[in-house]
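Peer 1: Can you read through this structure? Questions will come right after.
The values are calculated or read from the model by the stated rules, or taken from the named source; none is laboratory data. Predicted model only: the values in this text are computed from it and were never measured. Here the Cβ is made from the backbone with ideal geometry for all residues, glycine too, and neighbour counts use every protein chain on show.
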Amino acid sequence: MGLGPTHESGGAPDTARQPVPGRRASVVLWLACAAQFMVVLDVSVVNVALPSIQDALGFDAVGLQWVVGGYALTFAGFLLLGGRLADLYGRRQVFQWGLTLFAASSLAGGVATTPGLLIAMRAVQGLGAAVLAPATLTILTTTFAEGPGRTRALATWTAVSSAGGAAGNLVGGVLTDTLTWRSILLINVPIGAAALLAAARLLPADRARGEARKLDLPGAVLATLGVGALVHGVSQAGTHGWHAPTALAGLAVGVAALAAFAAVEVRYATAPLLPPRLMRMRPVWAGNAVMLLAGACFIPMWYFLSLFMQDELHYGALATGVGFLPHTLVGIATARLAPAVMRHTGARTLIVGSAVLSAVGFTWQGRIETGSDYLEGMLGPAVIMSAGMGLLITPITATVTSGIPTQDAGAASGLMNATRQIGGALGLAALVTIAAAAPGTTASYRAVFVAIAAMCAGVAALALALPASRDQDRQ
């Protein structure tokens, strides 16, 4: 893809980068995808194990939510910092840091005997994920030159990410039922160790930049505080209402910290965490706006579909996981198809079309009736909405990462990941409020899915602000 404008002063591309040989590039791709799969999987893999965790460690209802929330909060809060670390300290080294932190905290969490230790290790896991996730995307965008090769790599990365998000409930159910809840964390240890060995052998060494000694610590603190407080405030609004003191305090702190962060980046930082030149690039600001709204649609989707299957269809944990297989398989297949479609339509047209397709699927899902079975109430909408989702994420990612100088690739990756997570938190809080206002269980799900359909239509409209693809993007 070549959607970006010409590079601005201070953001010249790294023209010294050499192409990575085909076989080695393929191995690097799958290494990055394996790490991303772990990160996304662990967002949801604990959901079905929560009752077992509560019984084993004696959690109360308030503490139990932090087994999920602790990971999500630090993951979202540290993404901007994690992305910039890869730019300043080297992609291979930061990738290894993230893997080590993630695997070590998984081990400690898997053997935890107290609620406090498990929550703390889940938070550290989220920190490791925030370092690791941007590094995986940065490795891809610096390994594959812009064009069809990079688009195919991003499609594979997107498909694996979708599979990780959808497979969390299934993997968690299988491991918890056949082994123990501890296995959902301990399984990361051998996978992480193998990935570490592979990274040491396969990832090309890249030296730290001179600005590494000037890491923007004030910006890092403000960005982490701002994103973390914003996500916390929004989650509290979804649980306790928008007028709850904890929600208002979180939102106020988040907005104030992010405003201060913007001032620091523009006026004071010598090596900004988020270089202002990035936000002057149309693919970056417009693409992240689209990603924000897309995250608000698709991240909460799994939450409400899971509840629907358990509340309305009366499925258990394992059956719920199996019920997500059509969503997973269709999402993977269409994500892999996205590069071929992009060659004929361009990224912007594909984003608009796939968002409209998802809107149709969610509208159909919003017509569910009380007593509907899986075939009547879910299978058809699952195919349509998941096809739209699978086609959508690859062109957005390709757009946001196009034209980015190599030295800013990590910052761009961290920003895109953070934008998606913030969108998911905002969307979940808004949709929980909509569900609570609708009378009756089935009616509340109808209202939620129709609202998601409307937001998907908003994604299509917002995508019109993206730059049109150049002719060469379709070759």
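Peer 1: Any residue at all in segment 274-288 that is closer than 19 Å to residue 404 by Cα and in contact with a Lys or Arg (Cβ under 6 Å, 6 or more places away or on another chain)?
Peer 2: Scanning segment 274-288, I find no residue that is closer than 19 Å to residue 404 by Cα and in contact with a Lys or Arg (Cβ under 6 Å, 6 or more places away or on another chain), so the answer is no.
Peer 1: Filter segment 23-39 down to the residues that are in contact (Cβ under 8 Å) with a residue 12 or more places away in the chain, over 15 Å from residue 122 (Cβ atoms) and not aromatic (Phe, Trp, Tyr) and list them by number.
Peer 2: Selection gives 24, 25, 27, 28, 29, 31, 32, 33, 34, 35, 36.
Peer 1: Within segment 395-408, how many residues are surrounded by fewer than 24 Cβ atoms within 10 Å (Cβ to Cβ) and within 18 Å of residue 93 (Cα to Cα)?
Peer 2: 2
Peer 1: From 152, 91, which residue is crowded, with 24+ Cβ neighbours inside 10 Å and among the basic types (Lys, Arg)?
Peer 2: None of the others qualify; the one that does is 91.
Peer 1: Select from segment 285-315 the residues that are among the β-branched types (Val, Ile, Thr) and at pLDDT 90 or above and list them in ascending order.
Peer 2: 290
Peer 1: On to the next question. For segment 150-199, how many residues meet the condition of being without any contact (Cβ under 8 Å) to a residue 40 or more places away in the chain and among the small types (Gly, Ala, Ser)?
Peer 2: 1
Peer 1: Within 29 Å of residue 390 (Cα to Cα), surrounded by 21 or more Cβ atoms within 10 Å (Cβ to Cβ) and more than 17 Å from the chain's Cα centre (by Cα) - does that describe any residue in segment 196-204?
Peer 2: Looking for residues that are within 29 Å of residue 390 (Cα to Cα), surrounded by 21 or more Cβ atoms within 10 Å (Cβ to Cβ) and more than 17 Å from the chain's Cα centre (by Cα), one finds at least one in segment 196-204, hence yes.
Table: residues versus (1) farther than 19 Å from residue 457 by Cα; (2) modelled with pLDDT under 90.
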{"residue": "376", "(1), (2)": "yes, yes"}
{"residue": "379", "(1), (2)": "yes, no"}
{"residue": "382", "(1), (2)": "no, no"}
{"residue": "392", "(1), (2)": "no, no"}
{"residue": "400", "(1), (2)": "yes, yes"}
{"residue": "406", "(1), (2)": "yes, yes"}
{"residue": "409", "(1), (2)": "yes, yes"}
{"residue": "413", "(1), (2)": "yes, yes"}
{"residue": "420", "(1), (2)": "no, yes"}
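Peer 1: Among the candidates 321, 254, which residue alone is modelled with pLDDT under 85, of a type in the set (Gly, Ala, Ser) and assigned to a helix (DSSP H, G or I)?
Peer 2: 321
Peer 1: Are there any pairs, at least 6 apart or on different chains, whose C-beta atoms fall under 6 Å, with the first in segment 295-309 and more than 18 Å from residue 161 (Cβ to Cβ) and the second surrounded by fewer than 20 Cβ atoms within 10 Å (Cβ to Cβ), and if so, which?
Peer 2: 309/315
Peer 1: Next up: Just give me the residues in segment 273-289 being under 23 Å from the mean Cα position of the chain (by Cα) and outside any helix (DSSP H, G or I), in sequence order.
Peer 2: Across segment 273-289, the qualifying residues are 273, 274, 275, 281.
Peer 1: From the list 258, 222, 305, 293, which one is surrounded by 20 or more Cβ atoms within 10 Å (Cβ to Cβ), under 22 Å from the mean Cα position of the chain (by Cα) and not assigned by TED's automatic domain parsing to the domain that holds residue 417?
Peer 2: Exactly one of 258, 222, 305, 293 is surrounded by 20 or more Cβ atoms within 10 Å (Cβ to Cβ), under 22 Å from the mean Cα position of the chain (by Cα) and not assigned by TED's automatic domain parsing to the domain that holds residue 417, namely 222.
Peer 1: Could you figure out which of (1) more than 19 Å from residue 150 (Cα to Cα); (2) over 20 Å from the mean Cα position of the chain (by Cα); (3) surrounded by fewer than 17 Cβ atoms within 10 Å (Cβ to Cβ) isn't true of residue 353?
Peer 2: (3)
Peer 1: What tally of residues in segment 290-318 results from selecting those that are part of a helix (DSSP H, G or I), aliphatic (A, V, I, L, M) and over 23 Å from residue 455 (Cα atoms)?
Peer 2: Qualifying residue count for the region: 2.
Quick grid of which residues meet (1) within 20 Å of residue 200 (Cβ to Cβ); (2) under 20 Å from the mean Cα position of the chain (by Cα); (3) outside the structural domain of residue 411 (by TED's automatic domain parsing); (4) modelled with pLDDT of 85 or more:
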position	(1), (2), (3), (4)
97	yes, yes, no, yes
101	yes, yes, no, yes
112	no, no, no, yes
143	yes, no, no, no
148	no, no, no, no
